[in-house]
Amino acid sequence: KKFVDDYHWIEENEMLDLVAIAQSSPGAIAVNGAIVVGYKLAGILGTIVAIIGTVIPPFLIISIISFCYNAFRSNYFVEGMQAGVGAVIASVSYEMGAGIISKKDVVSVLIMIGAFIAACIFNINVIFIVIISGIIGIIRTCVIGKERM
């Protein structure tokens, strides 16, 4: 509504197409939406700004909450929420894994299996796994982009 009716940055049909692209892409819908709208409005720079604007606020909020977590960890209600968090994580993991497997992309499946083994068997810090997976994705995108040209 804001982009179409208030600012007139994008036509309604175009916005519907962008939302459809964002919804069909793996990952958080807010970030995917920011990527496609940011790219449409201002190219790569718009994409970067939109991602930062979408990711930084929740990151800061969760970081602040994490500092207070130890004070509330033994609270009865916080302990009950852990079961719900576990269910949400399991659901997201299933949906993301099913999406990767359904595309029948061997490299993506191997990355997923490798990340699981690295985290669960070798106890490698998840931050390193995310960084390495991101680097692999960037390299893969650059290689595929050059092949298509």
Which one is nearest to Trp9 (Cα to Cα) among residues in segment 43-86 that are open to solvent by 60 Å² or more (accessible area, probe 1.4 Å) and among the small types (Gly, Ala, Ser)?
-> Ser66
Just name the residue that is modelled with the highest pLDDT out of those in segment 21-31 that are open to solvent by 20 Å² or more (accessible area, probe 1.4 Å) and part of a helix (DSSP H, G or I).
-> Val31
Of all the residues that make up segment 1-20, how many are in a helix (DSSP H, G or I) and at pLDDT 75 or above?
-> 13
Quick one: what pairs do we get from segment 111-139, first residue within 19 Å of Ile100 (Cβ to Cβ) and touching a residue at least 60 places away in the same chain (Cβ under 8 Å), second assigned to a loop (DSSP other than H, G, I, E, B) and open to solvent by 80 Å² or more (accessible area, probe 1.4 Å), C-beta under 6 Å, 6+ apart or different chains?
-> none
Is it the case that Ile101 is in contact with a helix residue (DSSP H, G or I) (Cβ under 7 Å, 6 or more places away or on another chain), modelled with pLDDT under 90 and closer than 25 Å to Ile29 by Cα?
-> yes
Name the helices (runs of 4 or more DSSP H) wholly within segment 68-149 that hold at least 2 residues that are among the basic types (Lys, Arg)?
-> 126-148
Candidates Phe72, Phe122, Phe77, Phe116 - the one that is aromatic (Phe, Trp, Tyr) and touching a helix residue (DSSP H, G or I) at 6+ places or on another chain (Cβ under 8 Å) | Phe72
Could you tell me whether segment 25-40 includes any residue that is free of Cβ contacts under 8 Å to residues at least 24 places away in the same chain, more than 16 Å from the chain's Cα centre (by Cα) and more than 23 Å from Ile101 (Cα to Cα)?
-> yes
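The values are calculated or read from the model by the stated rules, or taken from the named source; none is laboratory data. Model, not experiment: these values are computed from the prediction. Cβ: placed from backbone, ideal geometry, glycine included. Neighbour counts: every protein chain shown. Note: accessible area is taken over every heavy atom of the protein model, side chains too, but ligands, DNA and RNA are not part of it. Shrake-Rupley method; radii C 1.70, N 1.55, O 1.52, S 1.80 Å.
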